[in-house]
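Taking it in order: structure first as structure tokens, then the write-up.
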Amino acid sequence: MYKAKAYSAASATAPLASTTIQRREPTDRDVQIEILFCGICHSDLHTVRDEWNSVMPTIYPCVPGHEIVGRVTKVGSAVTRFKPGDLAGVGCLVDSDHSCPSCDANLEQFCTNATFTYNSPDKHLGGVTYGGYSDSIVVDEHFVLRVPTNLNLAGVAPLLCAGITTYSPIHRWGDIKGKKVGVVGLGGLGHMGVKFAKAFGAHVVVFTTSPGKKEDALRLGADEVIISTDAEQMKQHAGTFNFILDTIAADHDLNAYIQMLGLEGNITLVGAPDKPLALSSFALLFGRRSVSGSLIGGLAETQEMLDFCGQHNITSDVEVIPIQRVNEAYERLVKSDVKYRFSIDMASLKAE
Ligand code: NAP
Ligand code: ZN
């Protein structure tokens, strides 16, 4: 074992603070990575504040972070895809059982024995896994992604969660070219959803509660913007969408968005509010509409997304911050004041 610098929360109400954690020495199959940037996902905040207690309670101390990009410092003897000096990415998963139907189908995110990057039982060291708000991490090679060398690294980090979480459902929907696609919520996930839907040729419409984000939405690739609190604007678009991606992190009126769908339209939820959303059967019955959910993506699909981003020059729009400003960033995230992802420059951890 060796010591790594990190930021952790000691309880649901404590601010994140500097600490030291233990990491394992790389095994034969492991890749050791010096973390350069780590994005701040709203899931980090839900977890740090134990907002998902009823589904997956938080074990403290908690070191969040699952949008990791860095440089390989060491590899085990059985590692074939990486060597020291290579760029590497790590998302929400660091292990799975490699033997269940989900793993066989390259859907490791649905493996019932999956190990998530933080707050998951750590098979190697006991306790729970610690995430990317740290200067280093050790991960099984299967869960390490190759990073295109032509992209800005601070903007690559958020692709590892916000990127794959939006790429996967949009891509899986089918041929979206020319279709009317809505993206609800212009935050970390939402702004990536706009970029991917646009790249796949959709007519993209952003639903936002923040009128001040309209210009940015258009710049990011939206064809139209609806201020969702304006009933008149909502009414004008009712029944016209083929597909909607809902990224809202808090309680909201799901039925209002279902009403936006046309015949057999689908709304896919990726946002994970702590409390259940009310669902009107009638909103679904009329128009044979459907609601579904989507969780990140498997390793193969995540690599495909990163390669796609390399080819199309897609990164996240980031506000780079030193780790010392992480608590302030969390407060801004709660207020939907993020443009459009915070990316922590991990060099700032050297000062701790
Ligand atoms: P984020 O950056 O905070 O963005 C969420 C956006 O939702 C906000 O910018 C805001 O957009 C809108 N919003 C927030 N509160 C709202 C409210 N009360 N009513 C209406 N709109 C509201 O968060 P994120 O990192 O994108 O994550 C979004 C959600 O996805 C979180 O719940 C997160 O845990 C979840 N998530 C799920 C997966 C998955 O695999 N399914 C992966 C990652 C994250 P406007 O200002 O435009 O209205
Ligand atoms: Zn995330």
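The values are calculated or read from the model by the stated rules, or taken from the named source; none is laboratory data. The structure displayed is predicted, hence computed values, not measured ones. Because the Cβ atoms are built from the backbone with ideal geometry, glycine has one as well, and the counts that use them run over all protein chains shown. Heavy atoms of the whole protein, side chains included, go into the accessibility calculation; ligands, DNA and RNA do not. Shrake-Rupley method; radii C 1.70, N 1.55, O 1.52, S 1.80 Å.
Specify the residue that is surrounded by the most Cβ atoms within 10 Å (Cβ to Cβ); the eligible residues are those in the stretch 153-192 that are under 16 Å from Ala272 (Cα atoms) and more than 16 Å from ligand 2 (Cβ to nearest atom).
Filtering the stretch 153-192 for residues that are under 16 Å from Ala272 (Cα atoms) and more than 16 Å from ligand 2 (Cβ to nearest atom), the one surrounded by the most Cβ atoms within 10 Å (Cβ to Cβ) comes out as Val183.
Out of Leu279, Leu333, Leu295, Leu299, I need the residue that is modelled with pLDDT of 95 or more, away from ligand 1 (no atom under 16 Å from the Cβ), touching a helix residue (DSSP H, G or I) at 6+ places or on another chain (Cβ under 8 Å) and not β-branched (Val, Ile, Thr). Which one? Talk me through it step by step, then tell me what you get.
Values: Leu333 fails: away from ligand 1 (no atom under 16 Å from the Cβ); Leu295 fails: away from ligand 1 (no atom under 16 Å from the Cβ); Leu299 fails: away from ligand 1 (no atom under 16 Å from the Cβ).
Answer to the selection: Leu279.
Return yes or no: is Ala88 open to solvent by less than 20 Å² (accessible area, probe 1.4 Å), closer than 15 Å to Glu141 by Cα and out of contact with any helix residue (DSSP H, G or I) (no Cβ under 6 Å at 6 or more places or on another chain)?
When the stated conditions are applied, Ala88 passes them.
Kindly provide the set of residues from the stretch 212-247 that are within 19 Å of Ile314 (Cα to Cα), under 21 Å from the mean Cα position of the chain (by Cα) and not hydrophobic (A, V, I, L, M, F, W, C), ordered by number.
Scanning the stretch 212-247 gives Asp216, Gly221.
Within the stretch 103-123, can you find the residues that are part of a loop (DSSP other than H, G, I, E, B) and over 27 Å from Ile344 (Cα atoms)?
Ala105, Asn106, Leu107, Cys111, Thr112, Asn113, Lys123
Within the stretch 183-200, count every residue that is hydrophobic (A, V, I, L, M, F, W, C), within 14 Å of ligand 1 (Cβ to nearest atom) and either within 18 Å of Met260 (Cβ to Cβ) or modelled with pLDDT under 95 (or both). Talk me through it step by step, then tell me what you get.
Initial filter on the stretch 183-200 (hydrophobic (A, V, I, L, M, F, W, C)): 183-184, 186, 189, 192, 194, 196-197, 199-200.
Now restrict to residues that are within 14 Å of ligand 1 (Cβ to nearest atom): 183-184, 186, 189, 192, 194, 196.
In the following step, the residues that additionally are either within 18 Å of Met260 (Cβ to Cβ) or modelled with pLDDT under 95 (or both) were identified as 183-184, 186, 194.
Summing the residues that are hydrophobic (A, V, I, L, M, F, W, C), within 14 Å of ligand 1 (Cβ to nearest atom) and either within 18 Å of Met260 (Cβ to Cβ) or modelled with pLDDT under 95 (or both) in the stretch 183-200 gives 4.
Condition first: in a helix (DSSP H, G or I) and farther than 22 Å from Ser294 by Cβ. Now tell me which residues in the stretch 189-228 satisfy that.
If the condition is that a residue be in a helix (DSSP H, G or I) and farther than 22 Å from Ser294 by Cβ, then Pro211, Gly212, Lys213, Lys214, Glu215, Asp216, Leu218, Arg219 are the ones that fit.
Regarding the stretch 175-182, can at least one residue be identified that is modelled with pLDDT of 95 or more and within 15 Å of ligand 1 (Cβ to nearest atom)?
For the stretch 175-182, residues modelled with pLDDT of 95 or more and within 15 Å of ligand 1 (Cβ to nearest atom): present.
Scan Thr47, Thr58, Thr19 and give me the residue that is in contact with a strand residue (DSSP E or B) (Cβ under 7 Å, 6 or more places away or on another chain), within 16 Å of ligand 1 (Cβ to nearest atom) and among the hydroxyl-bearing types (Ser, Thr, Tyr). I'd like the intermediate steps shown before the answer.
Numbers: Thr58 fails: in contact with a strand residue (DSSP E or B) (Cβ under 7 Å, 6 or more places away or on another chain); Thr19 fails: within 16 Å of ligand 1 (Cβ to nearest atom).
The unique qualifying residue is Thr47.
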